[in-house]
Amino acid sequence: DVLEAHPEVMENMATEVERILGKDSKDIWTKLYAETDNIPYTQKVSNQLLHHKPPVPMIPHLTKKESYFGSHFIPKGAVVIPSLFYAARESGSSIDFLPDREDQDTQFLKCMTFGGGQHKCPGRRYAETQLTVFLALVSTNYRFERIGDRPHQDDFIYFPTLFPSRNEYLVKSIRG
């Protein structure tokens, strides 16, 4: 729903990718993996999407010792489930979807999308690269159009990942 609401972002990514790879590039997957450092705008969009709408809304943790969170006592063995979506909003790193922002949190220090501290996800770079390549391919080949109205555009549904409450789209090929 974010990219559908920002068609200019899709156009900017497509322009960047086509400038680097050409319009009808053969073996585009291999070229994209080799050239991800040369598509910085698409990387910024990827980063902002991971901040703005974390793919996993919460990750349960088992406490190993008694602790306090503010004035709340947390006993040893308790299951604590932080909301990554809420934490991203509260940190200020993702209130608005702004791929051009200068203060991007590229190391995910303000946002817990990939965990925190010594427990950061070892697959973070892989996930970022995969999303960047996916966005590059999608932006050069497709456009999204929401079907129906958008009365509650910021509502979402919790599943293992977040879904917009109204998620009916028409995906159009722009390659003919």
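Taking all protein chains together and rolling a 1.4 Å probe, Ile174 ends up with roughly 80 Å² accessible.
Just by accessible area at a 1.4 angstrom probe, what is the order of Tyr41, Tyr142, Tyr68 from largest to smallest? Mind dumping the intermediate values first?
Numbers: Tyr41 35, Tyr142 95, Tyr68 150 Å².
So, going from the largest accessible area down, we get Tyr68, Tyr142, Tyr41.
Heavy-atom accessible area, probed at 1.4 angstrom with all protein chains present, ranks Ile81, Ile59 as Ile81, Ile59, highest first.
Among Lys31/Lys53; Lys53/Lys76; Lys44/Lys64; Lys64/Lys120; Lys23/Lys120; Lys44/Lys172, which pairs are too far apart, with a Cα-Cα distance over 26 Å? Don't skip to the end; give the middle numbers.
On the way: Lys31/Lys53 28 Å; Lys53/Lys76 31 Å; Lys44/Lys64 37 Å; Lys64/Lys120 18 Å; Lys23/Lys120 37 Å; Lys44/Lys172 24 Å.
The answer is Lys31/Lys53; Lys53/Lys76; Lys44/Lys64; Lys23/Lys120.
Taking all protein chains together and rolling a 1.4 Å probe, His119 ends up with roughly 140 Å² accessible. A Förster distance of 30 Å, applied to the separation of the beta-carbon atoms of Arg89 and Tyr142, puts the FRET efficiency at 0.55.
Note on Asp100 and Ala127: the extension gain reaches 7.6 nm, defined as 0.36 nm multiplied by sequence separation minus the Cα-Cα distance.
Phe73 to Lys120: FRET efficiency via 1/(1 + (r/R0)^6), r the Cβ-Cβ distance, R0 30 Å, to the nearest 0.05?
E between Phe73 and Lys120, to the nearest 0.05, is 0.65.
Here, the range 8-77 yields an orientationally averaged convex hull projection of 8.0 nm² when only Cα atoms define the hull.
Per-residue accessible area (protein heavy atoms, 1.4 Å probe) orders Glu145, Glu35, Glu128, Glu90 as Glu90, Glu145, Glu35, Glu128, starting from the largest. Subtracting the Cα-Cα distance of Thr63 and Lys23 from their residue separation scaled by 0.36 nm leaves 9.2 nm. Relative contact order of the range 1-85, taken over Cα pairs closer than 8 Å and 6 or more residues apart, is 21 percent. Take Ser83: with every protein chain present and a 1.4 Å probe, its accessible area is about 40 Å².
What is the local net charge at Glu128, summed over the other residues whose Cβ is closer than 15 Å to its Cβ (Lys, Arg +1; Asp, Glu -1)? Its environment carries a net charge of +2.
The values are calculated or read from the model by the stated rules, or taken from the named source; none is laboratory data. None of these values were measured; they are calculated from a predicted model. Please note: Cβ atoms are built from the backbone with ideal geometry, for glycine as well, and neighbour counts cover all protein chains shown. The protein model used for the area step is the full one, side chains on, heavy atoms only, and it has no ligands, DNA or RNA in it. Shrake-Rupley method; radii C 1.70, N 1.55, O 1.52, S 1.80 Å.
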